[in-house]
Amino acid sequence: MKWSVWSTAGLVLALLTVTACSKGGNTDYRADYAAARGFLQKGQYDSARVHFERAWKAAERAGADTVMLDVSLGLAYTHIALGDTSQGVEIIEKALDQAAKDFGDTSVLYAGVATQTAVNLARAGLLEEADTLVGRAIHAWTDVPGKEANLAGAWFTRGVILEMQEDYASALNAYKKAQAIYQNAANATEQNRQLLEQKIQQMEEQLKAGSQG
């Protein structure tokens, strides 16, 4: 599984692949899925939505349930980004229900879905709901060997949500928690370390400006 919330300092779609799309099953959804992700990263949401919809239908034909779940969350993000919040949230709710049935709502796989869903909900302005889901992910990933990057990503997402609420002190604590955990991640990168340091500095500057205001 790959966690890519680190790719930008802003709030982005956490492309957490629940199950590797290269494993087994019909392959006809993969081209559209890859194209959708590419358009999403470029901010071309209309095109991303079209390809996510095609990928979802192809995955349904192939019986690739976990791929359908992953694609659904990308599709939800495009709806929200295009201003169709109600449709995006409806897709999110269905995806969460399916993930709970498939994995159980305390599993690490559900935690991945919950974290990605939290980003979508925050994008829709549902910040309290988003933070609740991140809390579930943090609980599921805590003390699980090999999941340090996932756990750090969940804390990073909590920091973003708190930053959106202008709770800079709590956001700073969340980013520092993410930084401490990420030091022990086997696949840690210098880019991600720099991003964490950048977010911590930004929060410290916000708090300093607030105290002087």
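Just the number, please: Stokes-Einstein D of region 5-212 in µm²/s, Kirkwood Rh from C-alpha pairs, 20 °C, 1.002 mPa s.
Estimated diffusion coefficient is 123 µm²/s.
In degrees from 0 to 90, rounded to the nearest 10, what is the angle of the helix 45-62 Cα long axis to the longest principal axis of the chain?
Its long axis makes an angle of about 50 degrees.
Whats the longest run of the chain with zero trypsin sites (Lys or Arg not before Pro) that are DSSP loop and have at most 16 other Cβ atoms within 10 Å?
With trypsin sites (Lys or Arg not before Pro) excluded where exposed in loops, the chain gives 43-213 as its longest stretch.
Using only the alpha-carbon atoms, how far is helix 168-182 inclined from the longest principal axis of the chain? Give it as 0 to 90 degrees, nearest 10.
Approximately 70 degrees, to the nearest 10.
Size of the dipole of region 5-212 about the Cα centre, Lys and Arg at +1 and Asp and Glu at -1 on the beta carbon, nothing else charged, in debye to 20?
500 debye
At 0.36 nm per residue, minus the direct Cα-Cα distance, what do residue 212 and residue 191 gain on full extension? Give it in nm, one decimal, please.
Computed gain between residue 212 and residue 191 is 4.4 nm.
Taking the 0 to 90 degree range and rounding to the nearest ten, how far is the long axis of helix 127-141 tilted relative to the main principal axis of the chain, both from C-alpha atoms?
It is inclined by approximately 80 degrees.
Throughout, read-outs are computed from the coordinates displayed, never taken from laboratory work. The structure presented is a predicted model; accordingly, all values stated were derived computationally and were not measured. Positions of Cβ are generated from backbone atoms using ideal geometry, with glycine treated the same way; all protein chains shown enter the neighbour counts.
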